[in-house]
1. Are there trypsin sites (Lys or Arg not before Pro) in segment 117-177 that DSSP puts in a loop and that have at most 12 other Cβ atoms within 10 Å, and which ones?
2. When each pair of different Cα atoms in the chain is counted once in the 1/r mean, what is the Kirkwood radius in angstroms, to one decimal?
3. Determine the calculated [θ] at 222 nm for the chain from helices alone, applying -39500 (n - 2.57) to every DSSP H run no shorter than 4 residues and normalising by the residue count; nearest 500 deg cm²/dmol.
4. Using a cut-off of under 12 Å, list every residue of segment 151-191 whose amide N is near the label point 7 Å from the Cα of Leu136 along the Cα-to-beta-carbon line.
5. May I ask you to compute the full-extension gain from Arg210 to Leu38, defined as 0.36 nm times their residue separation minus their alpha-carbon distance, rounded to one decimal in nm?
6. Would you kindly state how much longer the chain becomes between Gln115 and Ala193 on full extension, computed as 0.36 nm times their sequence separation minus their alpha carbon distance, in nm to one decimal?
7. Show me, for segment 66-71, the HN-Hα J-couplings you get by feeding each phi into the Karplus relation (A = 6.51, B = -1.76, C = 1.60, θ = phi - 60°), rounded to Hz, glycine and proline as x.
8. To the nearest 0.05, what FRET efficiency results for Ser9 and Asn106 with a Förster distance of 25 Å applied to their C-beta separation?
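All of the numbers you see were taken from the coordinates with simple rules; none came from a lab. Everything numeric here is computed off the predicted structure, so don't read it as measured data. Please note: Cβ atoms are built from the backbone with ideal geometry, for glycine as well, and neighbour counts cover all protein chains shown.
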Amino acid sequence: MLNTIAAESLDHVASRLEEAAGKNPTEAKVEAAVKSVLKEIVKEHGRIVFNGDNYSASWHKEAEKRGLPNLKNTVEAIPVLNAKSTVDLFKRYKVLNPAEVESRYNAFVHRYNEQMLIESEQMVVMAQTMILPAALQHQKRMADAVTAAASAGVKSEEQTSRLEGFVKLVDEFTDAAEALAEADDHRDDDSYAHAKHMKETVVPLMQKLRTLGDQLETMVASDIWPLPTYRDLLFIK
């Protein structure tokens, strides 16, 4: 795709130079044509030039102000492949015919849907079979400690409050895992509509479950936490 875009650009520039230089170009005419065409290109397309940090939020704002497309994720970007301008480009340079472009578009959408489903389903499995059991085991330890203290005649509002907060977090984690599992069951005959569901519904639920899981990681006892922690990944060799 990038090679075809580059070929179109070179074709455009060469055609403009030939037109500007005339049928019998001299060195002076070619030099004048180059200056003229470059000025024209900069005037028409200079808005794409940005000398700052292209990954910064400021560039997103600046791009919007300049009227440039800002496709922030795969689901927004995929339709560009099947747009009329793209189909015409490939057809004009005999790279792909319309049917071949559409088949690649369908393949990209299908791959996105399948990869997202695999990731989200695996996330649910890890949440329900690894993290939740560990969290419940830690919850039991906390409850036993509160009960033991109360039996000994020692009441601690702080420990009770921590237990209640932890139970609430575990409940939220459980609900989030169930919501993600339910969202994974979505089906749609329109593959792109399904891709939008994955991006707009499944991905936010995955992010929510991840956030809750990260919170549990900082609270569950290390001897029962079933996965490598961030500390393990960063500092333990």
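1. Passing sites in segment 117-177 are Lys155.
2. 23.6 Å
3. -23500 deg cm²/dmol
4. 171, 174
5. Separation in residues times 0.36 nm, less the Cα-Cα distance, equals 56.9 nm.
6. Working: separation 78, 0.36 × 78 = 28.08 nm, distance 1.57 nm.
Full extension of this stretch gives 26.5 nm more.
7. 7, x, 8, x, 9, 8
8. My answer for the efficiency is 0.35.
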